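The values are calculated or read from the model by the stated rules, or taken from the named source; none is laboratory data. Predicted model only: the values in this text are computed from it and were never measured. Neighbour counts are summed over all protein chains in view; Cβ atoms, including those assigned to glycine, are modelled from backbone coordinates with ideal geometry. What goes into the accessible areas is simple: the full protein's heavy atoms, side chains included, and nothing from ligands, DNA or RNA. Shrake-Rupley method; radii C 1.70, N 1.55, O 1.52, S 1.80 Å.
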Amino acid sequence: MRDHTTQRIMMRRTLLLLLWTVVASASWAAPMPQATAAHFCQLLVKDAEGNIKSINAFANGDAQLFAEYVFQYDGWRDLHVFPHNGQWYAATDQLPATLSPEHQRYIREVFPRMMHEVEAERWNVVDAYIDKLLEYQRQFSNTEKASSITAPLPVTLLLLSLFVLFLLIPLFQKLRTNKSTTL
């Protein structure tokens, strides 16, 4: 009887320790850097209606949260980000026989490998994977969107440009009036 009680106590302690480890590891995981998340959200994806859009269109302004969802909850499995002959495929789709074994292997392996790098928090390697995915989309997509994938200008840069422009307008007006009065 005593051995049975001891076993139950040990089992409870083991389960509590396991639960604490899972909770602690989840809470200690570093979030994906905003720059890496924004970089990831530049990828194009085919939506349910067949439209090709930047992932930014689905991120609703929070690239970091969306990218973390994709990697933490295996959301990458359903992303149709791999173009081939006008069709877009997800890593888990049945791939056509016309797709070379090399391309099939790339499509199947790139996200699991990137997941490994995300878990290891090697963000420069994750960015390199994203660059290769962007290049893959540019090379094998028939859409104009793929050829125009560029990094979006940061909002702060746009606001700064507008601010400088508005500061310069009175200066140009003053110079213009000075020129007209001297003539």
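At-a-glance table
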quantity	calculated
Single unsatisfied condition, K132 versus (1) open to solvent by 40 Å² or more (accessible area, probe 1.4 Å); (2) at pLDDT below 90; (3) not small (G, A, S)	(2)
E109, sole failed condition from (1) surrounded by 12 or more Cβ atoms within 10 Å (Cβ to Cβ); (2) modelled with pLDDT of 90 or more	(1)
Residue ID - farthest from Q104 (Cα to Cα), chosen from residues in the range 54-64 that are open to solvent by 20 Å² or more (accessible area, probe 1.4 Å) and touching a residue at least 24 places away in the same chain (Cβ under 8 Å)	Q64
